[in-house]
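Q: Below you will find the structure I want to go over with you.
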Amino acid sequence: MSRMAQVLVLARYEDEVMEPLTRPDDTRTWRGKFEQIPDWFVGGWYIEFFRAGQRSGLLADLEALPWNNPECVQVLLHDEDDDCFGLWMFKDGALVEVSIPGTKRIHTPPPSWWGDSPRPGSLWRTDGPNGEVLVATHSPEHEQDPRLSW
């Protein structure tokens with residue numbers, strides 16, 4: 001299924017740690033490789049996905065890297081339906097989404113054709129003109145898909 005998404009990894013002086021993810025590897029569950037952002041003072045890498053199935057397992061691979069300073073790693077994820085990038089950082093050894101003021105991850109019921117792919121919701125701004133309407137469409141927690149599409 002077509003599903004555009006971008007990922008940025010910001011991590012100071014972690015070039016050697018990120019190096020394996022800058023090479024193609026057919027054994028990974030996700031497709032592609034990170035590109036280093038040129039001429040940045042501190043380390044930055046990006047990758048873009050065009051299909052939902054191309055990115056599954058990405059967060060697990062980032063978590064498994066031997067980071068020198070995991071507390072300084074920032075992962076910015078943007079799915080095509082998000083209003084802005086979401087921020088993920090390490091907490092207790094796992095990458096978790098960090099709340100950003102003025103935003104909320106909204107979970108809506110999937111369309112009938114969606115199938116069994118994970119549905120992570122969309123990160124929407126809540127402080128804009130449609131903020132209250134968007135939050136009102138949010139599904140109850142028991143209806144939300146707990147699986148990561150990343």
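Q: Report, by chain and number, residues whose modeled amide H sits under 5 Å from the one on residue 103, excluding near sequence neighbours (fewer than 5 apart, same chain).
A: 126
Q: Compute the signed sum of charges (Lys and Arg +1, Asp and Glu -1) over the other residues within less than 13 Å, Cβ to Cβ, of residue 91.
A: -4
Q: Another question, then. Kindly provide the Kirkwood hydrodynamic radius of the range 34-85 in Å, to one decimal, from all pairs of distinct alpha carbon atoms.
A: About 12.9 Å, per the Kirkwood formula over Cα pairs.
Q: Above 22 angstrom, tally the Cα pairs of the range 1-110 and express them as a % of all pairs, no decimals.
A: 32
Each reported figure results from applying straightforward, stated rules to the coordinates on display, with no laboratory input. No experiment lies behind these values; they were computed from the predicted model shown. When we count neighbours, we look across all protein chains shown, and the Cβ atoms used for this are built from the backbone with ideal geometry, even at glycine.
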